[in-house]
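Bear in mind these aren't lab numbers, they're just calculated from the coordinates by the rules spelled out. The model shown is predicted, which means the values in this text are computed figures rather than measured ones. Methodologically, a virtual Cβ is constructed for each residue, glycine included, from the backbone with ideal geometry; neighbour enumeration extends over all protein chains shown.
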């Protein structure tokens, strides 16, 4: 922020005073008056013991009941932040939460509003009127933001931006007021009116009044061609949506829907990879490989499926004895619903019970005879010896 007239502003529960000169004695004098005011209002105040002793005099903490604050002086910036720890999300404390005012319980919130008003009155008496943030929408927000930037970057909106900052996805030039199209992060197409922001970023005013900040190389002047229809989601997006539907079906114990969704998610002749190495004798469920060889899962819905060609190309890796690859049809026929899994987040999930009976059927259906003996831990005798699965 550039130097200028003193400003007293607020953001959420943070009140900020920006002065002209950090060497001005009024900076610390204002801080001292604020400390005296809070003390007179019944706040317990002390220096912040968490900061270095060399600068501790400029950092204060305090509380009045459940309402707490941090008061910091850094250069020409004086800031007081109110917070509470009754209702919070951040494990480090309420001072690190977003939306502090919204999270405050009713009585603490009313206490904060009272103290905020008292501080605003004190600061107004010192010549610093609180600049209340006005919530703007649509073109009013764009105009206001451009006016602010124009003060810091004179002439920024007096001429057309450079080519590198105004070239669209189709190598055209975008100008203020152009009707444009773009795809959002969720792959949906949007249309709106473009207005220059800064560098290669452009504000796009949507018909609903919402303002979005989009890079020039994502904009285009022409509507999506017919050939783009149906391409709102790529393969990864499609798989994520199908997996979400599977988890919903799992929660409802709809095994038929799970079967249909799993079939649509992967091609025919697909296989699960079962890990003997990561399935202990005491485990209730058999461990399967995750998708793309990443991690391990108990839940069939979260496990990965692999094609026959992929497995046969590296048979020793997928089906060497420590792991076996079994066709999806056989695996899914043995699935049962469990109330809780040990490694998955779902409270209910389709799993394979770690029983000798299931292992016999799975080993018999392996894609090929493994190089090494397949001896699940569940076949271990009480004496510790192993016997082969027949």
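One table, with the values for the structure above:
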item	result
Order of 203, 359, 189 under a 10 Å beta carbon neighbour criterion, fewest first	189, 203, 359
Rh by Kirkwood over Cα pairs, then Stokes-Einstein D for segment 266-379 at 1.567 mPa s and 4 °C, µm²/s	94 µm²/s
Rounded if a/c under 1.5, otherwise prolate or oblate - segment 138-228, Cα gyration tensor axes	oblate
Convex hull of segment 7-131 built on C-alpha atoms - directionally averaged projected area, nm²	7.5 nm²
Taking N as its residue count, the alpha carbon Rg of segment 278-335 over 2.2 N^0.38 Å	1.11
